[in-house]
Amino acid sequence: MTRQRRLVYDVLLRDLDHPTASEVFLRAKDQLAGISLATVYNCLETLTEAGLVKQVNLDREPSRYCPNLNEHAHFFCMGCGAVEDVAPASRDGGLQGWCIPSGSRVEKMEVAMRGLCRRCAAGEEHSVETAASGASAPDRSAN
Ligand SMILES: [Zn+2]
Ligand SMILES: [Zn+2]
């Protein structure tokens, strides 16, 4: 893995808030001043092809990136734009809740849920960053 790819991957692993390529670029730039947006796109593509990162798409919004390789769905907050991982309650990845056409075999499942995150539902003012890191998350600002 090249240094730049490693950095892009680290950025995705640090905050699991599903950033877009431009958001990854802004975070990576803080650590490696010379990195370009094109390089970030290339790294994201390579990481996705390597199966280390999943591309998350909703409608025509820019793609977001997720390093969580466990089976999960995505919850999109219509209030603040936060994207959160939703783990299936059952071990088969949630397939039990669906009537799959008989004889078919599901290889991959992408479930998108829309609604209001905990904070938006409670009517709290907040930024996407705080919503994504969660109110109970430990303070990670100290390096
Ligand atoms: Zn929200
Ligand atoms: Zn995810």
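The values are calculated or read from the model by the stated rules, or taken from the named source; none is laboratory data. Keep in mind it's a predicted model, so treat the numbers as computed, not measured. Because the Cβ atoms are built from the backbone with ideal geometry, glycine has one as well, and the counts that use them run over all protein chains shown.
Structure summary
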quantity	calculated
Check on residue 13, loosely packed, with under 15 Cβ neighbours inside 10 Å, within 14 Å of ligand 2 (Cβ to nearest atom) and touching a residue at least 40 places away in the same chain (Cβ under 8 Å)	yes
Residues (closer than 14 Å to residue 43 by Cα and in contact with a Cys (Cβ under 6 Å, 6 or more places away or on another chain)) located in segment 8-28	8
Search result, residues across segment 79-94 that are closer than 29 Å to residue 45 by Cβ and either away from ligand 1 (no atom under 16 Å from the Cβ) or touching a Leu at 6+ places or on another chain (Cβ under 9 Å) (or both)	80, 83, 84, 85, 87, 88, 93, 94
Enumeration of residues in segment 64-83 that are more than 8 Å from ligand 2 (Cβ to nearest atom) and either over 21 Å from residue 6 (Cβ atoms) or of a type in the set (Asp, Glu) (or both)	70, 71, 73, 75, 76, 77, 78, 79, 80, 81, 82
Residue check, residue 40 β-branched (Val, Ile, Thr) and within 18 Å of residue 4 (Cβ to Cβ)	yes
Test result for residue 69, closer than 26 Å to residue 122 by Cα, modelled with pLDDT under 95 and either assigned to a loop (DSSP other than H, G, I, E, B) or in contact with a strand residue (DSSP E or B) (Cβ under 6 Å, 6 or more places away or on another chain) (or both)	no
Residue list for segment 46-66, restricted to those being more than 16 Å from ligand 1 (Cβ to nearest atom), surrounded by 16 or more Cβ atoms within 10 Å (Cβ to Cβ) and not in a loop (DSSP other than H, G, I, E, B)	46, 47, 54, 56, 65, 66
